[in-house]
Amino acid sequence: MTTTTSTDALDRATGALLGVHAGDSLGATTEFASPNPDPDTWVRDIVGGGAFNWAPGDPTDDTDLTAAVVRAYTDLIADGTDQTLDAVLDACARHFLSWYRSGPKDIGGTTSGSLARLRRTNDPRGSGNAAPDAQANGSLMRCIPTAVYRKDDPDRLAEETLAISAITHASTVATQSCLLYNRVVAALINGTDVRTAITDAAAELDGTEVGRVATSRLDASVDDPMPWRRGGWVLTALDIALWAALQVDRTTEDLLVDIINQGGDADTNGAIAGGLLGARDGVSGLPDRWVATLRLADEFRQAATAFVAG
Ligand SMILES: [Mg+2]
């Protein structure tokens, strides 16, 4: 039996949210770059720049949309609103559209199409792209607040994780990727070890493509190189995050630096892996010099405290 103190759980809950932000802001510099084979010249600090000329510590779409889900739950807590699934979805939709209307300079294709539809219909249950081959990573990168807030309520965690993904990314592969990820994050925050957390989540999704990705990763050597199949694909991003989390002898910093210097969808791969690693090692596992740059650090810390308190 695992024992854990509430201080540890708060550290890991905070780490989950700030891990997304750190991986995103670190990877913003190398988004769309080619893999860098020379570790001596790797990006190791949050310095901004990149394809969209970010300031150091800026949130990109990954963090902004994570913040949108954070704010949805924060609103519901503040209002004391009856937290039905409809209320959760409406709050998420409101914050997604607020971001969309702000004219973000980096927005994924599936997210853009679905939020355009949401703006027209105002129906978060019908806005998402449900095509089976719509398997982009844009909902996985922002699903983690549900794992933090619903870590002790497995049914609500599943229901809300699937439905919030489907506001933009409604394919089975996309929604189930979010579910597997959030199951692992919740278990890690609650003190379960990584291998057990992934094994349990994979068992729930046994027989699915997402379950097979997790099972294959559990069966692979932890010394395998970073998996890289298709940039922007949700199963690649999920596999990279699982690959990183299972390397328990490597630090969060070392793993995120490795991931983002492979370029490609670096910010999103960093965000998704960063969330798992933050849940594994806590915010205390993130370098102070990184956290000091993160624009939404205070908001995410306060949200984690409120979410863990319930
Ligand atoms: Mg991004």
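The values are calculated or read from the model by the stated rules, or taken from the named source; none is laboratory data. Predicted model only: the values in this text are computed from it and were never measured. Cβ: placed from backbone, ideal geometry, glycine included. Neighbour counts: every protein chain shown. Ligands, DNA and RNA are stripped out before the accessible areas are found, and what is left, the full protein with its side chains, is counted by its heavy atoms. Shrake-Rupley method; radii C 1.70, N 1.55, O 1.52, S 1.80 Å.
Across the range 231-310, Cα pairs under 8 Å and at least six residues apart give a relative contact order of 32 percent.
Can you give the accessible area per residue of the chain, in Å², using a 1.4 Å probe?
Details: 11970 Å² over 310 residues.
On a per-residue basis, the chain sits at 39 Å².
A probe of 1.4 angstrom, applied to the heavy atoms of all protein chains, finds Asp200 with accessible area near 90 square angstrom.
Could you give the C-alpha radius of gyration of the range 6-309 expressed as a fraction of 2.2 N^0.38 Å, taking N as the number of residues it contains? The partial results should precede the final answer.
Working: Rg = 17.2 Å, N = 304, 2.2 N^0.38 = 19.3 Å.
Dividing the Cα radius of gyration by 2.2 N^0.38 Å gives 0.89.
Here the mean projected area of the convex hull built on the C-alpha positions of the range 9-107 is 8.3 nm².
Between Val47 and Asp82, what FRET efficiency comes out of the Förster formula 1/(1 + (r/R0)^6) with R0 = 35 Å and r the beta carbon distance, rounded to 0.05? Walk me through the intermediate numbers first.
Details: r = 45 Å, r/R0 = 1.28.
For Asp82 and Val47, the calculated efficiency is 0.20.
Nearest 500 deg cm²/dmol is fine: what mean residue ellipticity at 222 nm does the chain get from its DSSP H runs of n ≥ 4 alone, each adding -39,500 (n - 2.57), divided by its residue count? Walk me through the numbers before you get to the answer.
Numbers: 14 runs with 184 residues, N = 310.
My calculation for the chain gives -19000 deg cm²/dmol from helical runs alone.
Rolling a 1.4 angstrom probe over the chain with all protein chains present gives an accessible area of which 48% lies on carbon and sulfur atoms.
Need one word for the range 157-310: rounded, prolate or oblate. Basis is the Cα gyration tensor (sqrt eigenvalues a ≥ b ≥ c); a/c below 1.5 gives rounded, then a/b vs b/c decides. Please report the intermediate quantities before stating the final value.
Numbers: a/c = 1.39, a/b = 1.14, b/c = 1.22.
Verdict is rounded for the range 157-310.
Considering only alpha-carbon pairs that sit under 8 angstrom and 6 or more positions apart, the relative contact order computed for the chain is 34 percent. Annotation: cysteines of the chain without a disulfide-compatible partner (Cβ-Cβ under 4.7 angstrom) are Cys92.
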